[in-house]
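Everything below concerns the one structure shown next.
The values are calculated or read from the model by the stated rules, or taken from the named source; none is laboratory data. In this text, all values refer to a predicted model and were calculated from it rather than measured experimentally. Here Cβ is always computed from backbone atoms with ideal geometry, including for glycine, and neighbour counts include all displayed protein chains. Heads up: the accessible areas ignore ligands, DNA and RNA and are worked out on the full protein's heavy atoms, side chains in. Shrake-Rupley method; radii C 1.70, N 1.55, O 1.52, S 1.80 Å.
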Amino acid sequence: MRRILVAPGCDAYLHLNPLSGAEADARQIFNTLLPSDVGDYDAAGSALLLSPTRHELRVQLKTSLFVEAIGTLTFF
């Protein structure tokens, strides 16, 4: 079964001051878990999303979750 990682990190907000670490955290977890010798995650189904819109996040979730059976989903 597939292992999927979806790692959104949002530093940019419409009505709040920007953050400085959420994108870096998402990038770090993605780069740590995605190599096949570490986490055995499916690179094609996994995604790193940096300051995504709600629409972009929904599209990615539909793409990742509803294509074929998933054994593990990690949403960080």
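What percent do you get for the relative contact order of the chain when only Cα pairs under 8 Å and 6+ apart count?
On the way: 120 pairs, mean separation 37.1, N = 76.
For the chain, the relative contact order is 49 percent.
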statement: If one compares the long axis through the Cα atoms of helix 22-33 with the longest principal axis of the Cα atoms of the chain, the angle in degrees, nearest 10, works out at 20 degrees
statement: Computed about the Cα centre, the charge dipole of the chain from +1 Lys/Arg and -1 Asp/Glu charges at the Cβ has a magnitude in debye, to the nearest 20, of 240 debye
- prompt: Using the heavy atoms of the protein chains alone and a 1.4 angstrom probe, what is the accessible area of the chain per residue in square angstrom?
  reply: 67 Å²
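In Å, the Kirkwood hydrodynamic radius of the chain over pairs of distinct alpha carbons? Kindly include the intermediate steps, with their values, before the conclusion.
Values: mean 1/r = 0.0779 Å⁻¹.
Computed over the chain, the radius equals 12.8 Å.
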field: the stretch 1-72, accessible surface, carbon-and-sulfur percent (1.4 angstrom probe)
entry: 55 percent
